[in-house]
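Novice: Pasting in a structure now, in structure tokens, and then I'll have a few things to ask.
The values are calculated or read from the model by the stated rules, or taken from the named source; none is laboratory data. Fair warning: this is a prediction, and the values are worked out from it, not measured in the lab. Every residue, glycine as well, gets a Cβ built from its backbone with ideal geometry; the counts of neighbours run over all protein chains shown. Side chains included, ligands, DNA and RNA excluded: accessible areas come from the protein's heavy atoms. Shrake-Rupley method; radii C 1.70, N 1.55, O 1.52, S 1.80 Å.
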Amino acid sequence: MKYDFAAIEKKWQANWEKTKPYAAVTGDTSRPKFYGLIEFPYPSGQGLHVGHPRPFTAMDIVTRKKRMEGYNVLFPIGFDAFGLPTENYAIKNHIHPAIVTKKNIENFTAQLKMLGYGFDWDRAVDTTDPNYYKWTQWIFLQLFKKGLAYKTTMPVNWCTSCKCVLANEEVVNGVCERCGSEVVRKEKSQWMLKITQYAQRLIDDLDDLDYIERVKIQQKNWIGRSTGAEVVFKTTAGDDLTVFTTRCDTLFGATYMVMAPEHAYVKKWQDQITNWDEVAAYVDAAAHKSDFERSELSKEKTGVEIKGIRAINPVTGKEIPIFISDYVLVTYGTGAIMAVPAHDQRDWEFAKAFGCEIVEVVKGGDIEKEAFTLKGDEGVMVNSGFLNGMTVKEAIPATKKWLAEQGLGREKVNYKLRDWVFSRQRYWGEPIPLVHCDKCGWVPVPEDQLPLVLPQVESYEPTDDGESPLSKMTDWVNTTCPCCGGSAKRETDTMPQWAGSSWYFLRYMDPHNDKELVSKAAEEYWGPVDWYNGGMEHTTLHLLYSRFWHKFLYDIGVVHTPEPYQKRTSHGMILGEGGEKMSKSRGNVVNPNDIVAQYGADTMRLHIMFIGDFEKAVTWSNEAVKGSKRFLDRCWNLMDNAADDPAISAKNESIIHKTIKKVTADIDDLKMNTAIAALMAMVNEFYANGCTKGDLEQLMLLLSPFAPHMVEEMWELTGYAAKYGKMAMQMPWPTYDEAKTVDAHAEMAVQVNGKLKGTVVVPMDSDQDTVVAAAMELDKVRKAAEGMQVVKTILVKNKLVNLIVKPTK
RNA sequence: GCCGGUGUGGUGGAAUGGUAGACACAGGAGACUUAAAAUCUCCCGGUAGCAAUACCGUACCGGUUCGAGUCCGGUCACCGGCACCA
């Protein structure tokens, strides 16, 4: 009988649709729970990309195995459907984004079902569903009420094409991450979320999590904690100028100061600055540059000295000049620095350009050539008064102590992380549920009025002044203040796409609850997510944002753990033929539909797992898919040849137990490629040795998570479905007997002086004498040892013997 | 520049410090077939050799070790992330 994958897959998908074997049971305490999560897709118009099935299939395999191991598994799916591509498509084609979204979700759903994933479809969520975003809005209101959401005017990244404010994270190399257009700076009033208040906890709590190391490192780098000191400099203007430095030991070398052009003192000191015109011109020029232009490293340092005002170095007592320059960022530290040109390369370059004094305070470099930036403890302090002779390592605390005693500074920790720009001037997002009243200020929409539904508009285009399309809907905008009843206006900005995805994993636990975001019982049962797999591209954005929201929900008692995800793994990208990123323009995009049509979903699943190391990027090859199909055919064809014996055959017992062990361990490590290789090797043995139905039973169980459709059909055809009254996927996961994974004999390598001379087969656990005796039987060994004496023998049990020989004297 | 990662046959890739190249793809030979496809069996890193065999071989240079793809030091190349963060 031929393996008719199309008919088989159709049959079993219909069966699962009806019998719901993947339904998670909230509150079942008879079994341990397991919550496996994949990043829910953005339902784009292009449909599923070949990149999607990689993480989905891997987690599907993990959760299928967990079910067979007796876990109550939650493996949900949903759609992260707000966002720009849909909105842009809607604008272009004059279709409402909700209709586009509905169509795309239907398409994605069909494709995901086609691949046979064991999702609990009854729990599917859609971030654009008012019943869902009601709770996104609710969380925002709680943040607002706790003072973690605030509105501020700030220079923002402005995409000239999308006409939209972008988060720092959405700007890549100075252009918009989505559309590639130029990003410039623009002053705008924005809603912000105080993620910085959680910076330290976001670092500290990583310690107890089972995240792959590179994710932890990348998150820590992104948060960018650095320890240093704030130092107060007196100025002739009367105001103290405070700076942040990690190198307070170099204070004696601070020969000038620099403020960011946006520093508040620039304006404040206007009357005392004698070259105001020059200063104002520089400030104005800086304001118009995009962040990208400002941060181009290759460019020369620019700046202007603020004449008429000087600062006083607190340790030397010397008056030093103050400059403004755009190499100092207003958003980090205090927006001003003390410049130590001898020991900071940027300061050195600036000092060379502006003729500032360069004073060496740490011995060891050649400050004529470049700054000596050593941070270790070898450097010795010079020209530094009471610090002279100390190492850098000693000088830092000594300086801090001195500053504290003098009241001129204190230890300080700074983070690179900035607050999260939370508003978007777009239509297709969650409305921000706030109302502005002239009397009461910003007032939350009462919670019983949530969801604040996104109104229908005529046009989705942002207005020319960059306001949201909602701002044109005066009927909607004009409302009454929930507080005083007076006239008021609604906030017209919407939330960024990151909002809905920051908490979706909680909604899966209790998706139809219309009273709460998630019930206490459901959250306590399912939380936290046991294993979350996703792309490295979400490490610093989505992952950090959702950890922040979860910590906040923990603080207000909505969830019972401080962290949302216990374990995080990450998959590599799938590259097109030729090793290039898949893209429409390159024409190397692979559509999973085509592969499924030609080879079937089980082959697609198997192949995408077999293709290479899950964590690394791999190149897709249409040619190689055949190998995976061939393997499934070989498994299928075993049904014709298997001896009608329900027992595991003696010939195959050892390989079966070894394979169970290997596949069990490999799935837990996401080493699907070697798990499949082991299954292939076992099937090759079955062909060589012949096999029984008992052997085949074990193969079917092991293969079930990888190729669920084919296995259920085989399970039925071989009579096991009738025998056990269960599908293969509902059977217990096979177990192995350690003793049976061990062979009676070992093939050992024989080396002479470390060179391989051959192999010998000896009984398992043979002692040295036995192995050496067997080794000496080999011609090549005898030849190599001729006229030699064995001075040392190294024996690695069951693996290798190495004879160290020397010429006999 | 900083942080992470990677470098192995024609190709994708395997190898707790212990037989490098498992498992596949492509290629070659054979069986079956009128034929092709499919299937089954065997071969398949390089050089020399009829062969047995010998030597070389995991980016490059060096080290540790009885033994290194694996550990250590240095170099080069590529990929990802961050980037004037004081």
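Novice: Would you mind pulling out the separation of the Cα centroids of the stretch A:86-156 and the stretch A:581-626, in Å?
Specialist: 28
Novice: So, one more: Sorted by average packing, counted as other Cβ atoms within 10 angstrom per residue and highest first, what order do A:90-100, A:561-571 take?
Specialist: The packing order, highest mean first, is A:561-571, A:90-100.
Novice: In the stretch A:662-762, which trypsin sites (Lys or Arg not before Pro) are in a loop and have at most 16 other Cβ atoms within 10 Å, using DSSP for the loop call?
Specialist: A:LYS726
Novice: While we're looking at this one, here's another question. Above 37 angstrom, tally the Cα pairs of chain A and express them as a % of all pairs, no decimals.
Specialist: 58
Novice: Per residue of chain A, what 222 nm ellipticity follows from adding -39500 (n - 2.57) for every DSSP H run with n ≥ 4, rounded to the nearest 500?
Specialist: -10500 deg cm²/dmol
Novice: What share of the DSSP beta bridges in chain A is antiparallel, in percent to the nearest 5?
Specialist: 75
Novice: By the gyration tensor of its Cα atoms, with a ≥ b ≥ c the square roots of the eigenvalues, what is the shape of the stretch A:378-532: rounded for a/c under 1.5, prolate for a/b over b/c, or oblate?
Specialist: prolate
Novice: Could you pull out every residue, at least 5 positions away or on a different chain, whose amide H is within less than 5 Å of the one on A:LYS188? Hs are placed 1.01 Å off N in the peptide plane, and Pro or chain starts have none.
Specialist: Result for A:LYS188 returns A:MET154, A:VAL156.
Novice: Per residue, how large is the accessible surface of the stretch A:346-498? Use a 1.4 angstrom probe and give square angstrom.
Specialist: Using a 1.4 Å probe on heavy atoms only, each residue of the stretch A:346-498 averages 50 Å².
Novice: What are the GluC sites (Glu not before Pro) within the stretch A:201-303 that DSSP puts in a loop, where the Cβ has at most 16 other Cβ atoms within 10 Å?
Specialist: Those that pass, being in a loop and sparsely packed, are A:GLU296, A:GLU300.
Novice: Given Cα pairs under 8 Å that are at least 6 residues apart, what percent is the relative contact order of chain A?
Specialist: Value for chain A: 13 percent.
Novice: For A:VAL362, list long-range residues whose amide hydrogen, built 1.01 Å from N in the peptide plane, is under 5 Å from its own amide hydrogen.
Specialist: The answer is A:VAL382.
Novice: Quick query: amide H of A:VAL183 versus all other amide H atoms, modeled in the peptide plane; which residues come in under 5 Å with a sequence gap of 5 or more or a different chain?
Specialist: Close amide H contacts, sequence-distant or interchain: A:CYS176.
Novice: Pairs of alpha-carbon atoms within less than 8 angstrom and 6+ residues apart define the contacts here; what relative contact order does the stretch A:254-354 have, in percent?
Specialist: That works out to 42 percent.
Novice: I'd like to check one number: the per residue accessible area of the stretch A:526-625, probe 1.4 Å, reported in Å² as a whole number.
Specialist: Solvent-accessible surface per residue comes out at 35 Å².
Novice: Probe radius 1.4 Å, ligands and nucleic acids ignored: give me the carbon and sulfur share of the accessible area of chain A as a rounded percent.
Specialist: The computed percentage sits at 51.
Novice: Show me the trypsin sites (Lys or Arg not before Pro) within the stretch A:293-345 that DSSP assigns to loop and that have at most 12 other Cβ atoms within 10 Å of their Cβ.
Specialist: A:LYS299
Novice: Karplus couplings for the stretch A:408-425 from phi (6.51 cos²θ - 1.76 cosθ + 1.60, θ = phi - 60°), rounded to Hz, Gly and Pro as x?
Specialist: 10, x, 7, 5, 8, 10, 10, 10, 6, 3, 10, 5, 8, 6, 9, 9, 10, 8
Novice: Additional query: How big is the dipole moment of chain A about its Cα centre under a simple scheme where the beta carbon of each Lys and Arg is +1, that of each Asp and Glu is -1, and everything else is neutral? Debye, nearest 20, please.
Specialist: Taking the Cα centre of chain A as origin, the dipole is about 840 debye.
Novice: Further question: What is the stretch A:464-528 by shape, rounded, prolate or oblate, if you read a ≥ b ≥ c off the alpha carbon gyration tensor as root eigenvalues and call it rounded for a/c under 1.5, prolate for a/b larger than b/c, and oblate otherwise?
Specialist: oblate
Novice: Provide the packing ranking of A:727-739, A:352-364, i.e. peptides ordered by the mean count of other C-beta atoms within 10 Å per residue, highest first.
Specialist: Highest to lowest by the protection proxy: A:352-364, A:727-739.
Novice: Which of the peptides A:547-560, A:404-417 is most tightly packed, and how do the rest follow, judged by the mean count of other Cβ atoms within 10 Å per residue?
Specialist: A:547-560, A:404-417
Novice: Quick one: what are the phi-derived ³J(HN,Hα) couplings along the stretch A:459-475, Karplus 6.51/-1.76/1.60 with θ = phi - 60°, whole Hz, x for glycine and proline?
Specialist: 10, 9, 5, x, 6, 5, 7, x, 7, 5, x, 5, 5, 7, 8, 4, 4
Novice: Let me know the volume per residue of the alpha-carbon convex hull for the stretch A:587-629, in Å³.
Specialist: Hull volume over Cα atoms, normalised by residue count, gives 73 Å³.
Novice: Write down the accessible area per residue of the stretch A:32-166 in Å², having rolled a 1.4 Å probe over the full set of protein chains.
Specialist: The answer is 30 Å² per residue.
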